[in-house]
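None of the figures in this text is laboratory data; all of them are computed from the coordinates on show. Computed from a predicted model, the values in this text were never measured in an experiment. Here the Cβ positions follow ideal geometry from the backbone for every residue, glycine too, while neighbour counts run over all protein chains shown.
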Amino acid sequence: MTMRLLISVTTSSEVAAAVQGGAGIIDVKNPAEGALGASPPWVIRSVREATPGHLPVSAALGDVPDLPGTISLAALGAAACRVQYVKVGLMGPRRATDALRLLKSVGRAVKEHAPETLVIASAYADAHRVNAFPPRGLPALAADAGVHGCLLDTAIKSGDNLFDHLDDEQLARFVDQCRQFDLVSALAGSLAATDIPRVREIGPDIIGFRTAACLGDRVHGRIDAGRVRQLQRLLEAG
């Protein structure tokens with residue numbers, strides 16, 4: 001399976017550059033509110049409208065607290081914007097039982113309103129720094145919750161990246177576990193273009209970028225078509 005390139009945008013005005021560069025998934029998030037910061041519904045709708053119909057759009061629900069009712073309402077709001085994926089950052093729930101309850105609530109809210117929208121459970125490679133749900137338990141948890149896939153990101157954006165917290169063997173094990181559970185796997189977390197060959201060897205289904213696709217920083221920068229094109233070419237080089 002060809003690895004898909006996910007590019008995170010903050011507004012609809014960044015969509016054209018991401019599409020021109022060859023993005024396979026357009027992701028909408030608000031980095032000012034965290035690693036998986038949520039955008040307002042009107043921003044999510046405008047990104048979906050600006051994105052060609054054949055390309056899927058994902059929406060981040062935030063680095064979420066352990067509040068299943070609140071987060072299931074957020075998931076319903078994102079699903080109403082006609083996105084294909086919603087991503088749930090498991091920041092608040094630490095225990096598997098709590099994380100499972102939250103993911104099941106999200107899954108039910110989405111399924112009842114928009115069964116075509118798929119839930120992605122997200123954990124943090126640096127979970128130890130923020131006391132979040134440990135990444136090693138994510139695939140089994142996602143399978144129990146009946147969601148579509150798993151994403152590993154980093155919670156703290158301080159100049160390090162995914163590989164500073166999990167090595168290649170640990171990440172390959174994560175991807176293999178996702179495959180065993182028939183889950184889509186995605187890796188992100190301040191990855192650079194130079195990390196692509198390493199990620200290709202690990203073999204997730206999706207690789208995600210914002211900073212490396214921007215002119216400027218992740219919060220105030222703008223997606224650049226040339227940078228996205230370079231990322232896509234490096235993916236195809238394998």
- Message: Please go through region 133-175 and give me each residue that is free of Cβ contacts under 8 Å to residues at least 40 places away in the same chain, out of contact with any strand residue (DSSP E or B) (no Cβ under 9 Å at 6 or more places or on another chain) and over 18 Å from LEU36 (Cβ atoms), ordered by number.
- Response: GLY159, PHE163, ASP164, ASP167, ASP168, GLU169, GLN170, ALA172, ARG173
- Considering only residues that are closer than 24 Å to ARG233 by Cα and free of Cβ contacts under 8 Å to residues at least 60 places away in the same chain, look in region 51-76 and name the one that is nearest to the chain's Cα centre (by Cα). VAL57
- Query: Here is a list of conditions, (1) surrounded by fewer than 22 Cβ atoms within 10 Å (Cβ to Cβ); (2) assigned to a helix (DSSP H, G or I); (3) in contact (Cβ under 8 Å) with a residue 12 or more places away in the chain, and GLY92 meets all of them except one; can you say which number that is?
  - Reply: (2)
- Can you find even one residue in region 153-162 that is farther than 18 Å from GLY208 by Cα and either in a helix (DSSP H, G or I) or not aromatic (Phe, Trp, Tyr) (or both)? no
- Note on the structure: Among the residues of region 187-238, the number that are over 19 Å from THR10 (Cβ atoms), small (Gly, Ala, Ser) and buried (at least 16 other Cβ atoms within 10 Å of the Cβ) is 1
- Note on the structure: Among residues of region 167-196 being assigned to a helix (DSSP H, G or I) and among the β-branched types (Val, Ile, Thr), the residue farthest from the chain's Cα centre (by Cα) is THR194
